[in-house]
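The values are calculated or read from the model by the stated rules, or taken from the named source; none is laboratory data. Computed from a predicted model, the values in this text were never measured in an experiment. Ideal geometry is used to build each Cβ from the backbone, glycine not excepted, and the neighbour counts take in all protein chains shown.
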């Protein structure tokens, strides 16, 4: 029997921000008992994944080894950590552990996909620990931009690992437990083998600010506003939603929540006891009757999402409310890279309406939920692990974080998705590369990111589409002329004749001259027709469209 | 005869950043003699304009009134100011005036499109003025991120207008004329009716820094680098290219220019006398022989463009050179909003290669080419115009700039594309709304942004495509079965049978049951077949694809 070992394998979230999924294992080689930490999604974009609904980590390796899997542990309720639980649970079939608020959200995910909600089990925070095979796992509260985030304390015979989850060091987080350095020191005092650590803000040079710092600024802003105030933030940032609501209340305004996620999150936080007080809210119908200078709306859509409340207000009206000249719209949020166009679009729409937009460029109305560079250093010092394994970041973040750890003499390594590490020794050691990738939820079907399906859609978007149909009789003679349809192409080309006519004319001429051998050979005929259609388009309109050729034979 | 008036009409560049085109006119209503300032392009993106090559302002109004047009004046050589000259010249047919360097670039644009280069006429800077109908136009040097930028002094019987063009207030710009407050005071001393003014950086609260401030920082960075250094900036930012090259030279490195635009711009600047000195450069072949610690590459691709030198180096190799662990890549540039994804992609690729990436986040290695808020205020004060008309900005920029002007008691207005202003009075007055929009260069064809062509391509990218063909005989009876092709759709759906088979089966069943009336009616049959194909797809794969139905009748 081979030596027992402690392994770590990121399947998602290392080499990108999103779709977190981290495997830990303990046991003899290839027979390690496994646990999974987080099971999240990433979001599509037009550049690389048009029409895709959600992006998951490819968990094939884990599904193939499900007999070795003990449990799933969810650190917190953000979509990139819990979003795939409902979609993937059936392939894993093990209990899912989370703290109360996160478990509430995870159960919704299960229910949405027809999976058994009872497989989500609520656990208490540290010092309670859950056994899962050779592991004991505890949920150590951390502050983040959603309630009840937890770092995981993962004990195995090979020692203690701390998986930070997404975190910041906030001693006055407003909602949830403050960062408690003494507790962390205590948890770490007998030695920590490895700290697996959030890398998101490793490039932010200054220590992070507390959630408590934004309240007074927002209150001053809202108090000075002469007309209606609308504010947006991530609905799951319940502390911020509360900060905004209380600032509005102190400024003498009625608070109205708009957007499904905003109401649902406040409700979930109240139900689970995370939120013990919240200003009284009015319904949109009541809001419409309140003088605008006494009203503050809290709305979804901080990233400019097209269907969210913010975008609908920017388009004119939402829930019977229309913004007017002199109203104020506050982004109490940061634009996630890649979302700039959508956010700028609604800012300009508000500008056209005469609405004054305030964003986070001054740094006063938003603070990040992730630990900045000095905070990471501080956590390294408190935990004092034998090794630091950066996760939750693009390659540049992981690399910078590994360097940072190295600067204080700690062993570290950049381990992207698919890199299996042995954490048992003095330093992390790569022991295997596992095939990983992305799975797309496309409509109701899961497809591989490299299947070529989305690539074909991108090609149609760039090049347009031509369909050519030809009918041949029993003697392989063309019956009538070639017929074309185009989509996404101009109607007129260089010849100033309809593009369709020019293509059809060229195809028909070819058919007239084509030899019997060509006409009898489907492949040859198809290739020739495609080539001609594409070349004619290139000459006429300067584009070579995607082309489908349909040959029908009356046999 | 009606009163003569001075009009201003932005056709592009007001309400967006890009495709600048501003009309001025003087004369009786609807008989004003016209000039055009700038004729630029904007760039496409996957979200809104996939496959589009370039975006132009719709100049229909101007083309319809070309008999009243006297001339085009180009303020500077950036694509968003000069890029459409070659494409549109034929529709306008008037002389194009520009300073030497800009004229050099404009002639290339004309030649590229087979237009007469000699219609581009080189003018000297202020105090020389060019007559164009009722106007006299002078080119007042300003600093910007390209050589020989000019503000235009536009005199008409209704007084003097200053059109700032893109500018910053730089008293040590390294290349080109420093900002000369005395000259500007002198030009403005007899009264300026209107200042039409760049709004790009109105939200930047601190006074802009000089180009001279980045040289020492870059030199310190390059001197400290142990291995190869690669730097990117916009090739047209000749001053920056020179700053980078000189920093490299002082650090004892050979300089190599990579990317066509980089070499072409340095050449154009040297030919036109704009660049009087530049370090000796080595060819890529020579560079490959030089020890990497003695080498500095200046490359194209500061915005992560896929085909530029930076992206190709990130992919592995360019011109025989490969980056290695410990090399440094410097972005001496800012990422334009919307380009984040591309830039981040290459940063991560470099990170994977072990290349250290330095960006402008510290503010040390890049300065903007546009006037910041205090600089705008300073220019307002120096010029002291009766009115300030913000241009070159999205709506939010124009609105903020108009507010800023209002704060010091100047008349102002937000005039987006298509808003014709009368500038003759004490304050700007809207006199007409002209239809404007965007024209896409799509392959070799110009199409309207609202023609639906690009919308169809976006739909195919989001929804995929199905083609249905059915053949009917002389009696309107289906001949054989329905035939489908799909593109951009998964092969298997919910039934676990091939999607094509399921659709074809449903269509064939419909055809068997369809009545003679339906089979004889093309429209009805097409609609039914489309509906069935889409519904089957929705059930099988959760998507309703774009569908083309082709009905062939053997008559």
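In this structure, does residue A:106 turn out to be touching a strand residue (DSSP E or B) at 6+ places or on another chain (Cβ under 6 Å), crowded, with 19+ Cβ neighbours inside 10 Å and either modelled with pLDDT of 95 or more or not assigned by TED's automatic domain parsing to the domain that holds residue A:91 (or both)? Spelling it out, residue A:106 is indeed touching a strand residue (DSSP E or B) at 6+ places or on another chain (Cβ under 6 Å), crowded, with 19+ Cβ neighbours inside 10 Å and either modelled with pLDDT of 95 or more or not assigned by TED's automatic domain parsing to the domain that holds residue A:91 (or both). Within segment A:243-273, the set of residues being surrounded by fewer than 19 Cβ atoms within 10 Å (Cβ to Cβ) and closer than 18 Å to residue A:291 by Cβ comprises A:249, A:250, A:252. Residue count for segment B:122-139 satisfying the condition of being in a strand (DSSP E or B) and either in contact with a helix residue (DSSP H, G or I) (Cβ under 6 Å, 6 or more places away or on another chain) or loosely packed, with under 14 Cβ neighbours inside 10 Å (or both): 2.
Which of the residues belonging to segment B:306-333 are farther than 22 Å from residue B:282 by Cβ, surrounded by fewer than 19 Cβ atoms within 10 Å (Cβ to Cβ) and either modelled with pLDDT under 95 or away from chain A (no Cβ under 14 Å) (or both)? B:306, B:307, B:315 - these are the residues of segment B:306-333 that are farther than 22 Å from residue B:282 by Cβ, surrounded by fewer than 19 Cβ atoms within 10 Å (Cβ to Cβ) and either modelled with pLDDT under 95 or away from chain A (no Cβ under 14 Å) (or both). Would you pick out the residues in segment A:334-353 that are more than 7 Å from every other protein chain (Cβ to nearest Cβ) and either free of Cβ contacts under 8 Å to residues at least 24 places away in the same chain or within 30 Å of the chain's Cα centre (by Cα) (or both)? Within segment A:334-353, A:334, A:335, A:336, A:339, A:342, A:343, A:345, A:346, A:349, A:350 meet the criteria. Listed by position, the helices (runs of 4 or more DSSP H) inside segment B:209-316 whose residues that are on the phi < 0 side of the Ramachandran plot and in contact with a helix residue (DSSP H, G or I) (Cβ under 8 Å, 6 or more places away or on another chain) number at least 3 are B:214-223, B:238-250, B:260-271, B:309-315. Restricting attention to segment A:413-447, the residues being outside any loop (DSSP other than H, G, I, E, B) and either within 30 Å of residue A:192 (Cα to Cα) or modelled with pLDDT under 95 (or both) number 9. Just checking, does segment B:278-299 include any residue being under 21 Å from residue A:395 (Cβ atoms) and either at pLDDT below 95 or in contact with a strand residue (DSSP E or B) (Cβ under 6 Å, 6 or more places away or on another chain) (or both)? Within segment B:278-299, one or more residues are under 21 Å from residue A:395 (Cβ atoms) and either at pLDDT below 95 or in contact with a strand residue (DSSP E or B) (Cβ under 6 Å, 6 or more places away or on another chain) (or both). Number of residues in segment B:336-363 that are part of a loop (DSSP other than H, G, I, E, B) and at pLDDT below 95 equals 6.
In this structure, does residue B:449 turn out to be crowded, with 16+ Cβ neighbours inside 10 Å and either at the interface with chain A (Cβ under 9 Å from one of its Cβ atoms) or closer than 30 Å to residue B:507 by Cα (or both)? Answer is no for this residue.
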